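The values are calculated or read from the model by the stated rules, or taken from the named source; none is laboratory data. Since the structure is predicted, the reported quantities are computational estimates derived from the model, not experimental observations. Cβ placement follows ideal geometry from the backbone for every residue including glycine, while neighbour counts extend to all protein chains displayed.
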Amino acid sequence: MQAMFPLFHRACLARLLTLASALILCSCASLSAPPQNPITSSPPATAAAAPAASPALFHEFPDIPVPAELTPLHDDSYIYREGDVRAGVLILRGRVDVGSLIRFFQVGLPRQGWVPKGGMRYRRSVLLFEKPDKSCVIDIYEKLFYTYAEIYVVPAAGNVNGQG
């Protein structure tokens, strides 16, 4: 079994399972009432009406737009594909403003059918989105020279093996 799952893949799988568990717990907690997004549940009207300053690209997930200024870090990312199901973590970096990156995802993901479910902001900003068959968590943070975005996508509990 050790040879089949190198340490890196086991670590990525552990991160995905932890994220999936957190999303399931958040989903269970939100059955009584949908949570308010502390960042903003909808972007300002001027941001929604304004055209994007740069074109959006679609890297590993066909329904998650990414600003052209962000570059994927393929060595740090891990994407699992089986049939139509794609799950994993896509890590990107670039020289962008954290606030504008948050607004980009708040405007762009609902256009692709994602429903905002919440978020938080401090040193790291986290945005939560959901579709009937999957969930997405976007973790945005700054380091010395770059802004990073980690995009986690996990299938819904009943869709783990490509079943709807």
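Only one of these is aliphatic (A, V, I, L, M) and in contact with a Lys or Arg (Cβ under 7 Å, 6 or more places away or on another chain): 101, 73, 92, 109. Name it. Please lay out each step first, then the result.
Values: 101 fails: in contact with a Lys or Arg (Cβ under 7 Å, 6 or more places away or on another chain); 92 fails: in contact with a Lys or Arg (Cβ under 7 Å, 6 or more places away or on another chain); 109 fails: in contact with a Lys or Arg (Cβ under 7 Å, 6 or more places away or on another chain).
On inspection, the qualifying residue turns out to be 73.
Restricting attention to the stretch 69-101, and to residues there that are without any contact (Cβ under 8 Å) to a residue 60 or more places away in the chain and charged (D, E, K, R), which single residue is nearest to residue 138 (Cα to Cα)?
Among those residues, the one meeting the criterion is 93.
Scanning the stretch 89-120 for residues that are of a type in the set (Lys, Arg) and surrounded by fewer than 16 Cβ atoms within 10 Å (Cβ to Cβ), which turns out farthest from the chain's Cα centre (by Cα)? I'd like the intermediate steps shown before the answer.
Within the stretch 89-120, the subset of a type in the set (Lys, Arg) is 93, 95, 103, 111, 117.
Okay, now just the ones that are also surrounded by fewer than 16 Cβ atoms within 10 Å (Cβ to Cβ), so 95, 111.
Details: 95: 19, 111: 15 Å.
Within the stretch 89-120, the match that is farthest from the chain's Cα centre (by Cα) is 95.
Of all helices (runs of 4 or more DSSP H) completely enclosed by the stretch 1-117, which ones contain at least 1 residues that are more than 27 Å from residue 144 (Cα to Cα) and modelled with pLDDT of 90 or more? Talk me through it step by step, then tell me what you get.
Working: elements: 7-29, 45-49, 98-111.
Correct list: 98-111.
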